[in-house]
Amino acid sequence: MHRAITLVGLALLLTIPAIRANSQAKPSKAQKIANAMTAAPRSLSSKATIMDWPASEGAQMTTLRTGSNGWTCLPDFPATKGNDPMCVDDQWMSFMNAMMGKTTPRISRAGVGYMIAPGGAYGSNKDPFATKATADNDWGYDPPHVMLLVTDQRTLQGIPTARQNGAPWVMWAGTPYAHVMVPVSSAKR
């Protein structure tokens, strides 16, 4: 009897990793599209192209759904803590492609990006390529927000460069990737 209980217990222990793996299954295409659409007002995201993040470094984004309004939405970035889907205009897509290639972005007109889904995200306010907190990269929580690109970074002078509770600030100041963050909520949820 003791041996039977031990074997049942062992069998249960061996199934826990499989149960965990299934509970953390990758989101389906439909789930990714639904999540990406939460990043911006529905009037914008309902007609946006939905892209998925590259499967590996150096790979290309893949199209989950073709849109018709010139906007692109992406689901939550799986490598980060929090819920951080985004919807961006063509200037932001160019900016993001430059970031992924670690080249200087070329901004030809003001750009707008939305990250207004409930949840927010965590990241560095100083280093656009940081993947975790360090003593000097100002790692922290970014509430749901709108992001603004400008054609001339000199116009960012005078805007705070530290996270503001409910007020705009410049993220990644002093880098080619500097942009304005405009929170739409200040409380961490």
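Nothing in this text is a laboratory measurement; each read-out follows from the coordinates by a stated rule. None of the values given here were measured: they were computed from a predicted structure. As a convention, Cβ positions derive from the backbone with ideal geometry for all residues, glycine included, and neighbour counts pool all protein chains shown.
Please give the Cα centre distance for region 145-189 versus region 33-99, rounded to the nearest Å.
Using only Cα atoms, the two centres lie 20 Å from each other.
List S43, S124, S185 from most exposed to least, where exposure is judged by having the fewest other Cβ atoms within 10 Å.
S43, S185, S124
For the chain, take the convex hull of the Cα atoms, compute a quarter of its surface area, and give me that in nm², please.
14.3
Which entries in the list K47/K132; K26/K126; K26/K47 go over 28 Å, if you measure between the two C-alpha atoms of each?
K47/K132; K26/K126
Would you mind checking which residues have amide H under 5 Å from V184's amide H? H placed 1.01 Å from N; only 5 or more apart, or other chain.
Here the answer is H145, V146, since their amide H atoms fall under 5 Å of that of V184.
Can you compute 3J(HN,Hα) from phi for each residue in region 52-68, using the Karplus curve 6.51 cos²θ - 1.76 cosθ + 1.60 with θ = phi - 60°, rounded to whole Hz and x for Gly and Pro?
Whole-Hz 3J(HN,Hα) from phi for region 52-68: 10, 4, x, 6, 8, 4, x, 7, 9, 5, 10, 7, 8, 7, 7, x, 9.
How would I33, I116 line up from fewest to most surrounding beta-carbon atoms within 10 angstrom?
I33, I116
Pull up all non-local amide H partners of L64: gap of 5 or more, or a different chain, and H-to-H distance under 5 Å with H placed in the peptide plane.
I50, M51, D52
Note the full-extension length gain between M61 and S108 as 0.36 nm times their separation in residues minus their Cα-Cα distance, in nm to one decimal.
This chain segment gains 14.6 nm when fully extended.
If the cut-off is 18 Å between C-alpha atoms, which aspartates and glutamates fall inside it for K29, apart from same-chain ones fewer than 8 positions away?
D52, D76, D84
Which ordering of R163, R154 is given by a fewest-first count of other beta-carbon atoms within 10 Å?
Ordered from fewest to most neighbouring Cβ atoms within 10 Å, R163, R154 come out as R154, R163.
Calculate for the chain the 222 nm mean residue ellipticity that helices alone would give, adding -39,500 (n - 2.57) per DSSP H run of length 4 or more and normalising by residue count, nearest 500 deg cm²/dmol.
After summing the helix terms and dividing by residue count, I get -7500 deg cm²/dmol.
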